[in-house]
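The values are calculated or read from the model by the stated rules, or taken from the named source; none is laboratory data. All figures in this text were calculated on a predicted structure; none of them were measured in a lab. Please note: Cβ atoms are built from the backbone with ideal geometry, for glycine as well, and neighbour counts cover all protein chains shown. For accessibility, only protein heavy atoms count, side chains too; no ligands or nucleic acids. Shrake-Rupley method; radii C 1.70, N 1.55, O 1.52, S 1.80 Å.
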Amino acid sequence: MTTATEPRTESKSAAPRLGLQRVELPVGELSCAGAAAPLAARIRRLPGVHDALVNPITQRAVVVFDPGVTGVEGIVRAVEDEGVEVGRAIARWHLQVAGLRCGSCVRRVERAVEAVAGVHGATMNLATESVTIEYTPRHTDLGAVRAAVASEGFDLGPAPNAGDTPEPRHDVHDREFRSLMRKFWFAAAVSIPTIVFSYPWIFGLGSLMPRGSGTLRLVWGALGIFTLPVLLYSGGHFYRGLWAAFKHHTADMNTLIGVGIAAAWLYSTVAVLVPSLFPRGDLAEVFYDVTAVVTALVVLGQALEVRAKGRSSEAIKKLIGLQPKTARVSRSGQELDIPVEEVVVGDVVLTRPGERISVDGEIIEGSSAVDESMVTGESLPVEKRTGDTVIGATINKTGAFKFRAIKVGKDTMLSQIIHMVEQAQGSKAPIQRLVDMVSSYFAPAVIILAILGFMAWYTFGPTPALVYALIVFVTVLIIACPCALGLATPTSLMVGIGKGAENGILIRSGEALETAHKLNTIVLDKTG
């Protein structure tokens with residue numbers, strides 16, 4: 001049990017572009033349990049540190065800090081200045097990585113980080129868009145870790161912190177979803193007339209625009225101008241990702257989609273402007289519809305993926321919703337209603353019938369029956385008297401009582417449950433490592449196959465060989481998008497672990513969930 005007090009909410013200056021980050025440092029054995037609070041207070045006094053908690057039992061210090069103001073090295077020095085050695089054990093650093101779009105990105109980030117001296121391992125989760133780095137504090141240059149992530153073309157963002165509400169990340173997903181849906185509706189609106197006028201004879205307009213006529217060539221030329229905004233607006237992020245991947249000598253989903261739709265648009269434009277280059281001359285067809293329709297469908301798929309990521313945090317939000325927002329404490333002979341974040345260890349808290357208990361504590365006056373079903377699963381209320389412990393977020397049923405706060409903030413049982421669910425959702429099942437490895441080679445392999453397919457159809461295919469070869473090239477690139485391959489497993493883990501938490505089943509890790517299919521007997525101990 002830690003004696004460190006939870007810091008009170010303070011107004012902080014705006015965080016820089018990197019946002020807040022969280023690091024867990026192994027600390028040496030403290031002289032006593034009471035040494036945890038002064039050490040945490042010393043760390044919190046550092047510029048840029050927003051939160052610090054020291055647990056003398058686990059011998060770990062959890063620090064939330066602004067990397068634009070201070071670094072892990074400064075935090076380590078502050079700990080050692082207090083006479084506490086930062087152990088040689090493995091520390092954990094949690095980073096949010098922005099710009100991830102497909103499974104092939106995962107292994108690139110992991111390999112780059114693991115190549116840094118002192119790093120023992122890196123676990124990238126595409127569904128949570130975060131990476132957990134295990135390293136030895138004394139032997140790792142964390143600036144090199146940031147540089148390794150940046151070298152792969154990705155930006156660092158704020159990491160999700162245990163006990164923090166997921167609304168900020170949910171808002172990010174919501175904004176991204178709305179942006180992608182706007183791009184989808186624009187591309188979809190352009191796609192409808194593009195399909196009609198690309199093949200007018202299918203829609204009964206052949207008499208107005210017969211094949212090979214100047215009118216049809218003019219309409220197709222207008223379609224080229226009409227679909228260009230789709231490439232630039234709806235598909236613009238494909239080309240930004242393609243360029244970032246190209247600069248780092250790699251390929252990903254953006255490469256496949258960007259090259260595919262660009263090839264279709266460029267081929268069609270050349271067919272309109274210089275039809276004499278093609279065997280059939282004025283009969284050369286255009287594929288502007290491929291540019292618009294494929295862009296619309298892929299963007300729609302990305303929007304649905306973003307929504308799935310956002311909804312995966314619903315279980316955490318529901319757990320956090322169990323936490324009361326305020327607590328009534330007795331200070332200096334007065335009863336005050338304060339935000340629950342401001343309750344400190346040792347405060348005397350009053351709880352009335354029907355209220356949720358604000359934090360974990362020990363009853364010092366009064367008695368009641370408490371509904372602890374959210375923790376124990378036991379539907380019958382439990383009688384509580386002086387000296388008994390109570391758990392935050394459980395419901396006081398009958399009587400009023402006073403209790404002394406023992407655990408607050410991230411130390412409460414509810415916060416620990418939330419933290420456990422978050423860690424489980426961010427963990428990897430064994431099968432996911434295989435999926436990530438396959439995804440890392442997937443995009444380059446698809447590009448090679450597309451080129452080989454183009455060459456084979458151009459060399460041995462029927463007339464017009466160029467048209468058939470281009471169709472094969474574009475089709476292979478677009479249809480083999482590795483998004484689902486890299487995202488399906490982590491997303492299903494997040495949803496499964498989240499649904500379990502909603503129903504009172506806590507799953508420790510993705511590995512535990514994957515191996516659960518081997519269970520043949522489940523024994524339940526029904527209390528009472």
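Numbers for the structure displayed
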{"quantity": "Matching entry among 521, 515, 463 (being modelled with pLDDT of 75 or more, hydroxyl-bearing (Ser, Thr, Tyr), open to solvent by 40 Å² or more (accessible area, probe 1.4 Å) and part of a helix (DSSP H, G or I))", "calculated": "515"}
{"quantity": "First in segment 181-209 and more than 15 Å from residue 298 (Cα to Cα) and without any contact (Cβ under 8 Å) to a residue 40 or more places away in the chain, second anywhere and assigned to a helix (DSSP H, G or I) and of a type in the set (S, T, N, Q), Cβ under 9 Å, 6 or more apart", "calculated": "208/215; 209/215"}
{"quantity": "Identity of the residue in segment 426-460, modelled with pLDDT of 85 or more and β-branched (Val, Ile, Thr), that ends up nearest to residue 511 (Cα to Cα)", "calculated": "448"}
{"quantity": "Residue among 39, 30, 18, 53 that is at pLDDT 75 or above, outside any helix (DSSP H, G or I) and either over 24 Å from residue 130 (Cα atoms) or of a type in the set (A, V, I, L, M) (or both)", "calculated": "53"}
{"quantity": "Members of segment 491-510 that are assigned to a helix (DSSP H, G or I), more than 15 Å from residue 319 (Cα to Cα) and either over 18 Å from the mean Cα position of the chain (by Cα) or β-branched (Val, Ile, Thr) (or both)", "calculated": "491"}
{"quantity": "Condition met for residue 356 (open to solvent by 60 Å² or more (accessible area, probe 1.4 Å) and more than 18 Å from residue 320 (Cα to Cα))", "calculated": "no"}
{"quantity": "Residue within segment 207-224 that is at pLDDT below 80, touching a Phe, Trp or Tyr at 6+ places or on another chain (Cβ under 9 Å), hydrophobic (A, V, I, L, M, F, W, C) and more than 17 Å from residue 264 (Cα to Cα) present", "calculated": "yes"}
{"quantity": "Output for segment 56-79, where each listed residue is in a strand (DSSP E or B) and open to solvent by 20 Å² or more (accessible area, probe 1.4 Å)", "calculated": "60, 62"}
{"quantity": "Qualifying positions in segment 223-256 - buried (at least 19 other Cβ atoms within 10 Å of the Cβ), under 16 Å from residue 477 (Cα atoms) and of a type in the set (Val, Ile, Thr)", "calculated": "255"}
{"quantity": "Residue selected from segment 139-170 under the condition modelled with pLDDT under 65 and more than 14 Å from residue 129 (Cβ to Cβ), by the criterion surrounded by the most Cβ atoms within 10 Å (Cβ to Cβ)", "calculated": "163"}
{"quantity": "Exclusive hit being under 28 Å from the mean Cα position of the chain (by Cα), surrounded by 20 or more Cβ atoms within 10 Å (Cβ to Cβ) and of a type outside the set (S, T, N, Q), set 345, 375, 299, 349", "calculated": "299"}
{"quantity": "Of all residues making up segment 374-397, the number that are touching a strand residue (DSSP E or B) at 6+ places or on another chain (Cβ under 9 Å) and free of Cβ contacts under 8 Å to residues at least 60 places away in the same chain", "calculated": "16"}
